[in-house]
Amino acid sequence: MTSRARNWVSTARRRDSDDDLSVQELSALTIQGTDSPYAGETDTVLAQAVRGTTDATGKSRTSYPRGLLVLLYCVIIGTLLLGHHAYRYYFDAVTPLFEPDQQSAPNLLPDLSPQEQELWLRRRDEVVGAFRHAWGGYRRDAFGSDEYAPVARTGLNLSSRGLGYTIVDSLDTMLLMGLTAEYHDARQWITAHLDFDIAGESVSVFETNIRVLGGLLAAYHLSGKDQLYLERAVDLADRLLTAWTSTGPYPTAKVFLARSPPGTAAHLLEWQTINVQAKGQVSLAEVGSLQLEFAYLSHITGDPKYHRRAQDVMRALHAIPTLDGLLPTFVNVVDNTPSAGQVTAGAHGDSYFEYLLKQWIQTRGHPDQQALRDMYDASVEGIKRHMIRTSLTAGVTLVGELWLPFLGRVPWKQYVNDYNRGVKNRPEFIPKAEHLACFLPGLLALGATRGYSLAAIRAGHSRRTKPHLTPRDQEDLDLAEKLAYGCWKMYNSTATGLAPEYIRFDYDRFGQSPYYTHTTGQDRHSTTANDASRPRTGWSAPAAGFGPQPKAWAIEADYIVPPDHAYNLLRPETVETLFILWRITKKPQYRDWGWQIFRQFQTYSFFKGGGYTSLKDVTVVPPEREDKMETFFLAETLKYFYLLFSPDDVLPLDQYVLNTEAHPFPILDRVTP
Ligand code: DMJ
């Protein structure tokens, strides 16, 4: 059995520590064996376990009487026939046993003077004012549309009549900001107009899930369990489930939320569309960013079907061999193999990494979720080894992309094998730093402390197993701070003080990642479980702070803004990172940078007539407007500014996990008997 298969098995075993596997566990493992690529291996070990010659880890043990074995086989077969499967075990461990945890680490604020505290609350009020201005324009000109065009004073839709994306996406921000009148108005629209019966047209599963389902679930929680949101969430999720069209583990990228009547031309077209998609490819972010929402919905409803579907995806992804923890961004639905060679923490890859960690956080690091944490840790190692570079003149740390030129040459498995044996296949680094990837520093920091502030950890107030950061945690946090600085400089070095969609950067083409090691053999894919034995990199991070700051001219020399990607869409990722780093480190610079970015939006994106616009080119002043206010400006960007300037007890990070659209769900904890 490979170590990855063993992980799932040992995860299952850990629940009962050293006890023998129960019947239920055996049945779970058996069925896991049937649809896992490790089927043969798992089955063999299992069969031996049932025969009594070994246990599920391969250790020998005493024989059972024959009658007992027959009975055991019958139970297993019966369980199979009744349709129970591996995820039942995994699921049961999560859902009925967990409840939101009420205890938070003490609110350890830095020594802010009363004047400073007042200053940040005043700034926070300005953010609330910005939200009102954005919402006011939308409410007046585009209420019910998905998005807003402030200059044309009209609405824009992602499907022919839209799903009210902006409204659903904004509910929890309004609740947090205490905007009661706006909130009730929005709720009223949902009661009267939110309608998922869009026939003859498909919508993105990913976007609908993260924005609409995520928005409804967060509103349900923050409103004190308003049933309206739960009803709508269940209705939507049931429709999203139809995106799992085949017996395979992945949903299609798009889904028809309503179907046309059978026999009509529209119905035939829908069928053909789905059929084509079901044989195509999906991106990691598309299929790997459904799990938080589906798990929380299963938790609330007690119905495991949502979580099971989402876990099907994770199991399938887990089964693909990785190259140093990394997977190319697109996966072929039919044979579950990577179908393109690019690895990115930007578009189409980003929230896959995010959800690996956050699923683990959602259950407060429960051992049943350890396989996901291991996947996250392995992928971070891969990113460090292959995708990090420092810019040539200024030495700013940036995350780029990776090109794995295997497509059409060899099967993925062989490509990875060759690489692991060190015989060939050198990944190619691409010096492209996307703003979308600026969520990564925040994620690394979250992974390092699990959302606890350094002060809480030092004071022993966290519920982490270790009261200190491991060397790996510290390394991740240091990298997070360096990358955050690179993202901040994407703003700070343009004429408008706002970031473009991405930059290209100059780097030493003959150098390597500061974390690069190319070892073959057993020290690859190590996990936090044996943190001390992790391969150490040659890079030593500065003890604290940022060291000497690069000169502005040097950064400008290193950062190249491609003219066709000089636009700014009001994206949230850097503010998200600043918020998390502020909460964890309490370094004032993160709030200061956030405030400066907020002011630049006020200067250039604020539209006097109502709303905020995107910008066509951030490198020129005044920048030309792009007439569009995306829904995530209200759902994420303004929410993260608000949180950045708020005290820590507003959505404490040891109590909440935010989905990739910034919709908060409570972290679940075991009910203590
Ligand atoms: C948001 O819709 C989500 O954060 C998504 O994961 C990626 N990008 C946008 C905002 O930039």
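The table for this structure:
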| read-out | value |
| --- | --- |
| Nearest-0.05 FRET efficiency for Arg458 and Thr154, computed from C-beta distance (R0 41 Å) | 0.20 |
| Residue pairs, from the table Lys384/Lys482; Lys586/Lys639; Lys432/Lys489; Lys384/Lys586; Lys279/Lys432; Lys254/Lys432, whose Cα atoms sit over 22 Å apart | Lys384/Lys586; Lys279/Lys432; Lys254/Lys432 |
| Cut-off under 5 Å, modelled amide H: who pairs with Arg389 long-range | Leu398, Gly400 |
| Alpha-carbon centroids, the stretch 383-415 and the stretch 616-665: separation in whole Å | 29 Å |
| Derived scalar couplings ³J(HN,Hα) [the stretch 469-484; Karplus, 6.51 cos²θ - 1.76 cosθ + 1.60; whole Hz; x for Gly, Pro] | 7, 6, x, 5, 4, 4, 5, 5, 5, 4, 4, 4, 5, 5, 5, 4 |
| Between the stretch 152-186 and the stretch 242-269, the Cα center-to-center distance that results, in Å | 28 Å |
| 3J(HN,Hα) from dihedral phi, the stretch 268-285, Karplus parametrisation 6.51/-1.76/1.60, rounded to Hz, x for glycine, proline | 4, 4, 4, 4, 5, 4, 5, 4, 5, 4, 5, 10, x, 10, 10, 8, 4, 5 |
| Estimated FRET transfer efficiency when R0 is 41 angstrom, pair Asp508-Ala258 (beta carbons, to 0.05) | 0.15 |
| Residues with amide H under 5 Å from that of Tyr507, placed H, sequence gap 5 or more | Leu392 |
| Relative packing of peptides 151-164, 601-614 - highest average C-beta neighbours within 10 Å first | 601-614, 151-164 |
| Hz values of 3J(HN,Hα) by residue in the stretch 596-609 - Karplus curve (6.51, -1.76, 1.60), Gly and Pro given as x | 5, 5, 4, 5, 5, 4, 5, 6, 10, 9, 4, 10, 4, x |
| Exposure ranking of Asp172, Asp506 by accessible area [1.4 Å probe, largest first] | Asp506, Asp172 |
| Cβ-Cβ FRET estimate between Lys413 and His184, R0 fixed at 60 Å, reported to 0.05 | 0.60 |
| Two-site label geometry, Ile430 and Asp235: point separation in nm, points 7 Å out along Cα→Cβ | 4.1 nm |
| Point-to-point label distance, Lys616-Val276, nm (Cα→Cβ direction, 7 Å offset) | 3.3 nm |
| Segment His267-His565, extension gain: residue separation times 0.36 nm, minus the distance between their alpha carbons | 103.4 nm |
| Packing-based ranking, highest mean first, of 182-194, 279-291 given that Cβ atoms within 10 Å are counted | 279-291, 182-194 |
| Residue-level accessible surface for Tyr502, protein heavy atoms, 1.4 Å, Å² | 20 Å² |
| For the stretch 199-220 versus the stretch 286-355, the gap between their alpha-carbon centres in whole angstrom | 17 Å |
| Surface accessible to a 1.4 Å probe, His348 within the full protein complex, Å² | 90 Å² |
| Val657 long-range amide H proximity, modeled H, under 5 Å | Phe665, Ile667 |
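The values are calculated or read from the model by the stated rules, or taken from the named source; none is laboratory data. As the structure is a prediction and not an experimental result, all values here were calculated from the model. Cβ sites come from the backbone with ideal geometry, for glycine too, and all protein chains shown count toward neighbours. For accessibility, only protein heavy atoms count, side chains too; no ligands or nucleic acids. Shrake-Rupley method; radii C 1.70, N 1.55, O 1.52, S 1.80 Å.
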